[in-house]
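Every read-out reported here was derived from the displayed coordinates using simple, explicitly stated rules and does not represent laboratory data. For clarity, every value in this text was computed on a predicted model and none was experimentally measured. Cβ atoms come from the backbone with ideal geometry, glycine included; neighbour counts cover every protein chain shown.
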Amino acid sequence: MKEYSVIILFFLFCSSYAQVGVVKGIVLDKQSENPMEGATIELLDAEIATGVITDLDGRFILKNVPIGRQVLRISYIGYESTTIPNVDVTTGKDIFLNVTLLESFDQLDEVVLTSDTNKDRPLNKLATVSARQFGVEEVTRFSGGRSDVGRLAANFAGVSAPDDSRNDIVIRGNSPTGLLWRLEGVPIPSPNHYSTLGTTGGPVSALNPNLLKNSDFITSAFPAEYGNAIGGVFDLGFRKGNADDYEYTLQSGIFTGVEAMAEGPMGKNNGSFLVAARYSLVGLLGIGAGGTAATPNYNDVSFNLDFGRGKLGNFSLFGIIGNSDIEFLGDDIDEDDLFAAEDENTFVESRFGVMGLKHRLSLGNNSYLRTIVSGSYSGNDFTVDRFIEKNTPQERLIRYTEADNTETRLTFSTLFNTKVNNKLTLRTGMLIENYGIESLLLDRNEQADSDGDGDPDLVNFRDIDENLSILQPYLQGQFRLTEKITLNAGLHSQYSTLNKQFVIAPRAAVDYNFLPNHTINLGYGLHHQPVPLPLLFLNENVNGELIQTNRDLDYAQSSHYVLGYNVKLSDSWRAKVEVYYQDIEKAAVEAFPSSYSTLTEGADFGFENDRVSLVNEGVGFNQGIELTLEKFFSKGYYGLLTGSFFDSKYEGSDGIERNTPFNNGYVINLLAGKEFKTGPSGKNIWFVDTRLTTSGGRYFTPVDLEASQQAGFEILQEDRAFSEQYDGYFRWDVKFGLKLNSRNKKSSHQFYFDLQNVTANENIFVRRYNRLTNQVDQVDQIGFFPDFGYKFQF
């Protein structure tokens, strides 16, 4: 500990005379999204007045900006000006801002001043309700978040994620499979290491937050350009690299791994490159983490190459490539391991990748055409070898489960956006996705011994090589009816070549600013999504022939109704209340009376493999109220309090209303953070962040112990599906660290320690049947876990 103190004091001394930084960016018309030449950027609260004007491409550079958190004002004649607080200027890296200005409702000859920017407002101008933006600073700042955007979302109202082992996102009681991931405008598979076919979460994120720009998270009634989802949308984007100077980052952390990143100018058209690579730190150290003694190995490479603005428009190439593997060897596994068993050797590999070419062409001053062509893939191999009569002279090892899944996508997306005038903006587009799916699933679990060899039969549940396409045309518009009332409305349609199904979904939302700083919004949306692919292509043995009896299932559909009220209490405080109701129909259930529904799937690595001949007769609903009180970062501190109180129910084919496994009932989050200036010049920062989370326990189906003991595997009491509830979840995280700005070089250092679950609360992970002890065992989630990290930017 003494050595660490000497190192920190050395950095404090070297950085005590920190100088200045650079802020640069681009200013766009919010409706046309085209650059604005001649906009004014002013640095407020500075000893010497500082300001610049944007160039022909809408770009600006502010040099010699004092270190620390600064405030900028951006203005243009005839437009509502905007103020951006909390710009964290350091010596290690230039700050880049994307700024949008809204043309005044009535043409004016002078600048119209507005209050500070609301970070809760989404970047997508057509998203009115249940939407907010987030930035990379929030991803890396919040304690307990592991620099994972999925875990970041768990702090927002309406989101539940009381599972320390995975980053699945449960939105308003919907299954995690209802989430749509988008990157740079196109849908992508689950961007997580160790992800499996049909799921949307995983233990470790493959998204590098250092490449992300401010992005949108939408939890309900999303605009018409989003489809093939009924739960929510994560609409992510990569930032561009520094087009003026070369910059580098070296970083290390328990979960983020060892990382190197480089960025800088490229070409002659103001282009740039941004490339980063990461490798698992625990893999390098050969230790377990995240609830297992096995060593997880994972790595990913992300990039964004911007070729600048030329005569043919702006081209950029983006992508992510990720790989992961882990081996669970039974002799090395503890009985409380979250993922494996003592009588099995399990081998897991996963792959994830996406690459896209993006083109943007300005059509006059008020319109643009954006086209993206991309390809993506995801795959996983899962093999289980089980010991029979382990630790006896009769011990033998047999192949018990074998799964090999690969999904490839070719995606074409085109979008035309035009600002007709300052009151009307139109957007139309088409998304075409072609899926190639190869899936093999052989499993002995819960099977009979029909061949008399003494072992359960190895049954073929899936063996497919399928191809299908989904087409999604849409049309939407923003109508500024009055200075206080804005209407966003549109139509989304969806067609599948698999079963020739075509649907049309209306979307509408209105925003009414009835008093200064007071806004009411109302939204409605109809949303559709097919059954998860692992269920859609299940085999059923019909008269000795394997037939996919689920492939003609219709889309599940969900109607979203939302009413919200926002009030800005001051320049940096805001409060929000939102109530909602979701009516779900056409969920897939069994043809005979049972408690099963596809609405209960998706919170684990796999899906049930014996749910065949399903029919679209299941229903469900989600309803609740959400509260948010937020203090945006200013005067050295921030705070966020969110509360979600909800009810999530479903009906299987037996007609009985039951809790979904996602019906926690309530989720409450309290986050706060404070920065303290240090050093002779006050340019270095000590910081502390803390997070308290509590929620109701998950509902689960109790084990039939007697039947399980007779069968030798777990049998659940399905007539009592999700009738019992685990104890409530509670966790307290504390994060603290130090930011150091260099004395005379363009460099900075950051250290942090993140103490997760500091009270070592024993939150329940699962109660499951143990075939070795013939009892039901309780396994707890991860206890106290210290994380640490270091970042060097230069």
For residue 677, counting only aspartates and glutamates whose alpha-carbon sits under 16 Å away and dropping same-chain residues fewer than eight positions off, the answer is 88, 689
Sorted on mean Cβ neighbours within 10 Å (highest first), peptides 426-438, 492-504, 66-78 come out as 66-78, 426-438, 492-504
Sparse-neighbourhood loop hits (GluC sites (Glu not before Pro), region 563-620; DSSP loop; Cβ within 10 Å at most 15 others) -> 608
Contact order relative to length for region 246-370, counting C-alpha pairs under 8 Å separated by 6 or more residues, stands in percent at 18 percent
Among [x] 87, 65, 47; [y] 87, 66, 61; [z] 150, 59, 55, the entry matching Cα extents along the principal axes in Å as calculated here is [x]
Given 85-92, 416-423, 773-780, the highest-first ranking by average Cβ count within 10 Å works out to 85-92, 416-423, 773-780
Net charge near residue 387 (other residues with Cβ under 14 Å of its Cβ; Lys, Arg +1; Asp, Glu -1) is -3
If each K or R counts +1 and each D or E counts -1, the residues other than residue 437 whose Cβ falls under 14 Å of its Cβ total -4
Taking Cα atoms only, Rg over Rh for region 514-609 with Rh from the Kirkwood formula is 1.23
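Between residue 64 and residue 713, what length comes free when the chain is fully extended (0.36 nm per residue of separation minus the Cα-Cα distance, one decimal in nm)? Could you put the intermediate results ahead of the total?
Details: separation 649, 0.36 × 649 = 233.64 nm, distance 6.81 nm.
Extending this stretch completely gives an extra 226.8 nm.
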With only helices counted (DSSP H, runs n ≥ 4, each -39500 (n - 2.57)), the per-residue ellipticity at 222 nm for the chain, to the nearest 500, works out to -1000 deg cm²/dmol
Computed about the Cα centre, the charge dipole of the chain from +1 Lys/Arg and -1 Asp/Glu charges at the Cβ has a magnitude in debye, to the nearest 20, of 4780 debye
Simple spin-label estimate for residue 475/residue 790, 7 Å along Cα→Cβ, in nm, reads 6.0 nm
Scalar couplings 3J(HN,Hα) for region 160-170 by Karplus 6.51 cos²θ - 1.76 cosθ + 1.60 (θ = phi - 60°), nearest whole Hz, x for Gly and Pro, are 10, 8, x, 9, 6, 8, 9, 10, 4, 10, 9
Relative contact order in percent for the chain (Cα pairs under 8 Å, 6+ apart) equals 11 percent
For the chain, longest principal axis from Cα atoms; helix 2-14 axis from its Cα atoms; angle between them, nearest 10 degrees, is 30 degrees
Distance in Å, no decimals, from the C-alpha centre of region 660-701 to the one of region 239-274 is 29 Å
Expected sort for 477-488, 191-202, 664-675 on mean C-beta neighbours within 10 Å, highest first, is 191-202, 664-675, 477-488
At R0 = 30 Å the Cβ-Cβ FRET efficiency linking residue 98 and residue 482, nearest 0.05, sits at 0.60
With the label point 7 Å along the Cα-to-beta-carbon line of residue 327 and a cut-off under 17 Å to each amide N, the hits in region 278-293 are 283-289, 293
In the neighbourhood of residue 31 defined by beta carbon distances under 13 Å, the net charge of the other residues (Lys, Arg +1; Asp, Glu -1) is +2
